[in-house]
Every structure is written in C-alpha cells, then in structure tokens.
1. Under a Cβ-Cβ cut-off of 13 Å, what is the net charge of the residues other than Lys315 that fall near it, where Lys and Arg count +1 and Asp and Glu count -1?
2. Could you give each residue of segment 195-202 its phi-based ³J(HN,Hα) in whole Hz, using Karplus coefficients 6.51, -1.76, 1.60 with θ = phi - 60°, and x for Gly or Pro?
3. Note down the nm distance, to one decimal, between modelled labels 7 Å out along Cα→Cβ at Lys727 and at Ala349.
4. Straight-line reach from Lys328: which lysines fall under 16 Å, measuring Cα to Cα and dropping same-chain residues less than 8 apart?
5. Could you pull out the pairs from Lys197/Lys742; Lys178/Lys739; Lys246/Lys315; Lys344/Lys446 whose alpha carbons sit more than 28 Å apart here?
6. With label points built 7 Å along Cα→Cβ from the Cα atoms of Lys27 and Thr493, find their separation and express it in nm.
7. Determine the relative contact order of the chain: mean sequence separation of Cα pairs under 8 Å and six or more apart, normalised by residue count, in whole percent.
8. Quick one: Cα convex hull volume of segment 625-777, Å³ per residue?
Amino acid sequence: MKNLILCLFVTFGIQLNAQITDDKLNKIVDQLSLEEKVYLVVGTGMNIPGFSEPSNAPQTVVGMTQDKIPGAAGTSYANKKQGLPAVVFADGPAGIRISPTREEFPNQTFYATAFPIGTSISSSWNIDIAKEVGAAFGREAREYGVDFLLAPALNIQRNPLGGRNFEYYSEDPVLGGKITAGFVNGVQSEGIGATIKHFVANNSETNRSELNTVVSERALREIYLKGFEIAVKESQPWSVMSSYNKINGVPASENEELLTKILRDEWKFEGFVMTDWFGGKDAVAQMKAGNDLLMPGTNQQSANILEAIKNGDLKVSILDRNIKHILKQYFKTYSFNNYVPNGKPDLEAHKTIARNAAIEGIVLLKNNNALPLTNNTKIALFGVTSVETISGGTGSGDVNSAYMISIADGLKNAGFILDADLVSEYDTYVKVERAKIPPKKIFFEKDILVQEKLWSKDRLEALANNNDVAVFTLGRTSGEFQDREVEDDFNLTADELELIKNISTAFHSKNKKFIIILNIGGVIETQSWKKYTDAILLTWQPGQEAGNAIADIVSGKVNPSGKLPVTFPVTIDNIASSKNFPGKVLDPTVPKPNNPMAALPSEEIYEEDIYVGYRYFDSFNVVSSFPFGYGLSYTNFEYSDLNITQKEDDLYLECKVKNVGDVEGKEVIQLYVKSAKGTIEKPEKELKGFTKTNLLKAGEMQEISIKISINDLGYYDTISNSWKLDKGTYKFIISSNSKLPKLTSDLPLKEKIISTTQKLLSPVVEINKLSKQLMVE
Ligand code: BGC
C-alpha cells in the first residue's frame, strides 16, 4: 500500500519538472524583502571546519539550512516566511558525493554507486549508456535528497597532464558535447537538475583560481565553447557552473559576455548559473554578469550585494532577474515538491548499470592473440593496482561507495586461477606499504599509490613455469587542485619499466603471453613499452565494479567496443599545448606555495589555438602511439554502401556495417569531415558525428544512419564575427578510428553565413598562434 501511494505520488503528485508560470514567479519575487532576495543569490553549505564561516543570515527571514544532507557540497537558503525550502547540490561526475553516514540514522548507510569516470563513459561512444548512467544518478540523487547534481564536467582534455581530465570526456567537443547531452537528459529525466561545468576553458588545475586563460575567439568557439553549446542545445541543463579561471582577462563568473551574451542570448539557455565553490572575487560584478548564484556563499558576498543595492551600484532589477532564473529551476525540484526521499535507492540495480558502463568504456589497445583467456587459465597477476584497484580520481569527483571489486577479485569471481602465492605476497606487500603512507587529512588531498614491487629474475622464471599467462596492472591516480607530472606519472617509473621488461622476458622465453591492464585516469606514455606486451587493455578508472567488468572482457564474455576519446602521443612534447601548459606565474620571483590549493597570479596562452588533440596530429603529420578514436575488437567489421542525402540543411549519411568475424560485437562508427579549402586554414579533418551499432552477431549486418546539419560544418570567422561555410568540396569520411577511413564521399556545398554573433571574449594581447601556413613558409 505504502509503495502504491509513493508510486501515485511520483506519477501524479510531484509533477516531475513542473514549470512555474511567469505570473506566479513575479508575484513571489515582488513579495520578497531585499534581504530575502540576497539570501537567494548567495548559497550556503560546505561545512568543513576551518574552511567555511558560520552564516550571518537572519533567522527571522531565512531558515538556517546548512548540512540538510551531510556531505553534500552545498544548499540554498530556505525561506520559511515565503515557504521556500532549501535545495541540495551534490558532486560529482562519478557518483553522488555525500557522507555515507548520518548521525540521525545510526543504523542506516548512504553509500553511493561509484560509476566509471567521465573519460570511461565517453570511451563507450554510446549516448544511450551515458543516458542510462545519468538516469541512475538521478534516481540515486532523488532518494538521497539531492536536487542538483554538480555534474557532468566537460572541459576539453587539452593536455595529458590535466589533473581533472578523468572527470572530463574528451579532447573533442562533439564527442564531449553529445555524451554530456546524453548524461544530462538521463539525470533530468528523473527530475534532478544537472549542472554542466566548468564554464569555460578550465583545462588545468595549477593556480586555477588566479589563472588567466588567453585564447583566441576562434579556438574558444570551435573547441572550448562548442561542447557546452551542444550540451545546452541538446539537453537544456537546469544549471551551469562557471569556472575559476579568467578568460582573456575577465573571471568566468564575472564575465557578462560569456554568461549572458553567449550562454543566454545566443544559445537560449534557460537555467541558472552558479559559481564554482568560492569562485570569483567581486560578488556585485558576478550579479551583473549573470552569475545568478554564488556558491557556497560567504557573509562578505551577502554584505557586498546589499551594500551595492543600497548605494545604487547594483539595480534591484538585476537581482530580480537572477532570482527568477534560479527559482524557475528550483520549482521543478523534489524539495520544492515536498518529496520525502526514502534513503534507499536501488543500489543493486545500479551495480549492473555501473558494470555495463565500465565494460562499454574499456578499450582494447593491442591484441596479438592473447585475449580473451579461457576461464581456467592460470594467471600470474602482477601490480599493486591489481589488488588496490583504483575506482576513480580524487577531489570533488571522489565517491563514497560501499565496496570496490579489485581486478584480483574480479578475475577470481570469473573462474580464473590466480597464482595464490603471488596474490598473497601482493596483499601483504600492499598492506605493509600502505600502512607507511599517512592517511589523507581531507578528501581532496591526492591519493598516494604504493610503489611497484620488483621481482627477481629467478622468481619470474618460476612464475612463468607455473602459470599460463602474465597479467600486470599499471595504475595512476590524479585529482582536483593538482596537475600531473611528466616524470614517474605520464612517463612510467624506472621500476615499472624494469618490471615490464623482466616479465616480458620471463614469460616470452616460455612462449607464454603477457597482458597489461591500464587502470588510469588520464593518458600515459605507451610507445616505449608496448612492444614488450601481447595485449593492452585500457580500462580507465572503471568505478566500483572494476574487477568484474574487466573480467567480463578478459574472459570474452563481452567483446570490447570502447574507442579512445583522446590521443595517446609518443612523447609528451608531441602534444601541441605542452609548450604552454599549465601556464606561467606572472611574477616568477614569488616562491611557489607549498599548498596545491594556494594560487599565484598566472597566465596560460593557448598558442596551439585550434590544434587540440587529433586536430594537431592530423594537420601536422605527427605520429601518435594510439590515435583518437582507436580501439580493437575480438571480431572484425566490414563497411559498405555509403550514401549521402541532403534535405535542406540536413545531411543523412547511410552505410552498412557487417560483423565479419566469429564472435558477436559492437562497432563505433565515426564521421569525420574534411572541409573545403577556403581562405582560412582549418584542421585536416574534424569529427562531426558518430554512432554505435547494436550488438551484432557473427555475420549480422546493420544499416547505419548519421544525421548532421551543414551548419555544423562551418568555421568561426573572427573578422566578421560569424560562423561561415566555405564553398567547395567537402569530404565525408566514415571511419573506424581517426586514422582508419573506411568509406568516403565528396559533396559540393555552397558558401553560407550560418549565423552572425557579436565580437565577444576577445583576447587583449597578441597570441602567437600555431599555424600550418607559417610552418610551410
Ligand atoms: C570543484 C567543483 C565542485 C565544487 C563543489 C570545486 O572545488 O571545482 O567541480 O563541484 O568544488 O564540491
């Protein structure tokens, strides 16, 4: 009976995503006092001792709401007089970040599902998977009392050393934008608001709150803004989080051109904008720019806004505008619809979703007949992260999950026979070494991994005698506040390289295979050591079901179908942005602070301009270790019969894809377009669309259709401030990866001005932009 009532309530009572009328909204705003208004644009929460101050909000008009849900990143203020409850904001991209325990419920836990990291989700190239994961987030949020998810994060993975790349999707804005839209649509289908972040060009962590990102309007439009534009237009997120950095001199949260002129006026965004936590410096400028909500809010900000209204520096109409943006979304939330969360989301069902998503994001990088393994294979399992497998990265993207299936446990669960002595020696080694590492004082400190253990040649020879195959897991972690290092992080440590070589020699001398599993959150060097292995399985940081998902691929129960959302370069210097990443401190005489959270005024000039990721590798003929879009399968696919039809501005690309191997599998089909030459230089080709087949049985064929608009084929012209299409021949390339074209067709298109914008976000300094033309001269 209780369930029936709840079900009726959900179906009829809550009016999922109910819209408030403008009339009603205007009436509410008219009734608010000035002080009440201020406590709607300034939030609260993040109750970390020594971090946040006690609120000065007056109890008479505003209910104190801190910690409505323990461990959530923040809340809004409730307004008891007006009957407005507090809404709750919680991180993050890999799972709902809340405290797993609550004082008032000593016998209950509130663990959240640790889903695979963003990069793993985008490696699926499967928008349906992103949507399914998003919907699971939504249901979990609802039953844990969270109204807004502070996710997804879709900054461009501009350089492998970006500390938060694991939270982000891709080096390409079309892949990132479309996966984001899928995820947001999933979250919001369950009545929870998604927050796309960090808007915009927050691509490095070093000095992030004092960093001025200097970037051309064209690179902004075509690369850094593009994914957000796709996400806004295809999923209309309830909110957007502005980033910490400045963009061409103006902080993102104080940037009217970004937050109002582009986001609202051009893209028709209907939600509200919140700051990143403690982001920006001038609350009044933030209000004017259209940064509607300041999170998690400080007493100083409330005082400054009140003062500015009183002295006429800030118009009440601006405050009202921002409040309406906010309340319009709040009225759709469960909190505003008096829903009582049951505290019991279906975590069992979400285990399966997490496992399937992790599987779908695994990329097979190399396979010389080594995988799959039959399930009674005897495995010598090496590597500390085979035992201490990494679920995800650190910082606000971390999740309090109930458990973690290690790779060792996953392989055992699947029936593999692990060398028992080796497993137990690793267990002991990891326990002893872990005990020497001081525990983290606060969640956003970086995790420290146990150093890899070396084994003598005799021991390796004995292990090769007693086992059928060697598997070594290589792990990496990173997180918020800190970018990664080249040495011993992007590049392997000397011990890791030695271990790889020694295992290879020992096992290969007995004609036995050697497989490497990568349990990493970002790109690493692979060129120098890949020759020592027979197979490489890139599993990223796959969430709590890691071991089970990996075992499903290792055993061949599921055929891998992930593809790289990012290029793996030969060396770090082969990445164009390595010349300027992560920027320079403006005054080099100031000593570097010891604390990664402290920031010094600095500047990062994006000289590589539009040549990010494969756009650079392709255009400048630079060889990679594994190209963008790459990924193998246990079967093979044949492509045929490409046909393009045009209906007004829409193009339909149709072709056939057939599974011509022996086992069932899925294939990602990538559409790249090489633009007509025109007068302005362009990347060699760009991803414009993609799709994934169904699970095709051996011999099965599927007809594929990818729809794009010719308006997506233009470039941004900074002279006329418009999106333009050059006339001439466009080459449509249906590919299996960015370096493996399968079918091509040419189509002549006419010249067109797609849309005209204003001159916005212009750099104030000259940028020495990378150019193909300059290279030729
Ligand atoms: C991060 C955001 C996060 C917020 C709240 C900030 O430090 O940059 O991504 O949502 O904290 O935890």
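1. Numbers: positive: Lys37, Lys288, Lys310, Arg321; negative: Asp313, Asp320.
Every neighbour counted, the sum reads +2.
2. Per residue, the Karplus-derived 3J(HN,Hα) values read 10, 7, 9, 10, 8, 8, 6, 9 Hz.
3. A separation of 5.7 nm, rounded to one decimal place.
4. Hits, sequence-local ones excluded: Lys24, Lys27, Lys37, Lys268.
5. Working: Lys197/Lys742 35 Å; Lys178/Lys739 22 Å; Lys246/Lys315 25 Å; Lys344/Lys446 31 Å.
Those over the limit are Lys197/Lys742; Lys344/Lys446.
6. 6.6 nm
7. Working: 1914 pairs, mean separation 109.9, N = 777.
Worked out over the chain, it gives 14 percent.
8. Details: hull volume 22.1 nm³, N = 153.
Per-residue hull volume (Cα only) is 144 Å³.
Every number in this text was worked out from the coordinates using simple rules, so none of it is lab data. In this text, all values refer to a predicted model and were calculated from it rather than measured experimentally. Virtual Cβ from ideal backbone geometry, glycine too; neighbours counted across all protein chains shown.
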